Amino acid sequence: MGTTSFPTFFAKVRQFAPPSRYCLTTLALLSASLLCALAQDGHAHMPTSQQQEPMPQQRRNASALIKIVRESTERFKDVSVAEAEGYALQFGCVSGPDSGAMGLHYVNGALVNLGEIDPTHPQIVIYEPTPNGGLRLIGADFLLLADAWDKKKQGPPELMGQIFHYWEYPNRFGLPAFYTLHVWAWKDNPNGAFVNWHPKVNCEQYGGQAN
């Protein structure tokens with residue numbers, strides 16, 4: 001699939017015999033030696049990127065990312081400010097496959113087409129409908145179209161240690177394959193701050209079309 005600009009795209013879619021006992025003993029000794037050597041070799045040459053980052057550092061990075069997102073999106077508590085900066089509702093209210101939801105995605109098409117990762121400029125800001133008919137800011141979503149990102153040959157996208165999730169095409173959103181990272185900066189998620197679905201978000205108060 002060729003690269004598709006975000007606004008244009010939305011306009012279109014919305015076996016052997018048993019060995020002797022001697023052979024078995026010899027084979028067992030050789031196998032044990034080989035496994036030991038492989039284990040030592042694997043440990044010595046494990047790429048740095050595959051080693052687990054210390055948990056305290058992971059927590060610090062996660063907290064820092066949440067803080068940045070909060071500071072960068074606080075003004076969007078007023079949805080009209082987000083709209084004035086180019087964000088527009090897409091997909092309706094996104095509900096979970098079993099429970100929970102993602103909520104209302106206000107997408108900035110220009111930022112999506114730019115295809116860059118910047119913690120201060122999320123491509124999407126997320127709201128949930130409230131009982132009084134208003135909208136409450138609950139988080140942000142960083143979205144990259146996979147075709148454009150993969151051409152950069154930089155590997156899977158990540159932001160401050162958080163790996164993006166990959167969504168194949170076709171998908172429920174009608175989008176080309178994409179990478180996404182939700183940051184539930186304004187509403188604590190018991191399943192984690194960077195998972196896709198929020199169990200305490202729902203679309204019951206939304207008067208428009210749910211996805």
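Were the residues from Lys152 through Ala84 laid out at 0.36 nm apart, the gain over their Cα-Cα distance would be 21.4 nm. Shape call for the range 57-211 from the C-alpha gyration tensor, a ≥ b ≥ c root eigenvalues: rounded (a/c under 1.5), prolate (a/b greater than b/c) or oblate? Because its axes are fairly even, with a/c under 1.5, the range 57-211 counts as rounded. Taking 0.36 nm per residue of sequence separation and removing the Cα-Cα distance, the Gln209/Val195 pair yields an extension gain of 2.7 nm. Relative to the current alpha-carbon distance between Tyr169 and Ser63, full extension at 0.36 nm per residue lengthens the span by 35.0 nm. The Glu71 and Leu114 beta-carbon pair, evaluated with R₀ = 22 Å, returns a calculated FRET efficiency of approximately 0.60. By accessible area, using a 1.4 Å probe on protein heavy atoms only, the range 141-211 has 48% of its surface on carbon and sulfur. The residues of the range 49-171 expose on average 52 square angstrom of accessible surface per residue, using a 1.4 Å probe on protein heavy atoms.
Take the Cβ atoms of Thr130 and Asp98, set R0 to 22 Å, and the FRET efficiency comes out at 0.40. Peptides 136-142, 203-209 ranked from most to least packed give 136-142, 203-209, packing being the mean of other C-beta atoms within 10 angstrom over each peptide's residues.
The values are calculated or read from the model by the stated rules, or taken from the named source; none is laboratory data. The structure displayed is predicted, hence computed values, not measured ones. Glycine gets a Cβ as well: all are built from the backbone with ideal geometry, and neighbour counts include every protein chain shown. Just the protein is used for accessible areas: all its heavy atoms, side chains included, with ligands, DNA and RNA removed. Shrake-Rupley method; radii C 1.70, N 1.55, O 1.52, S 1.80 Å.
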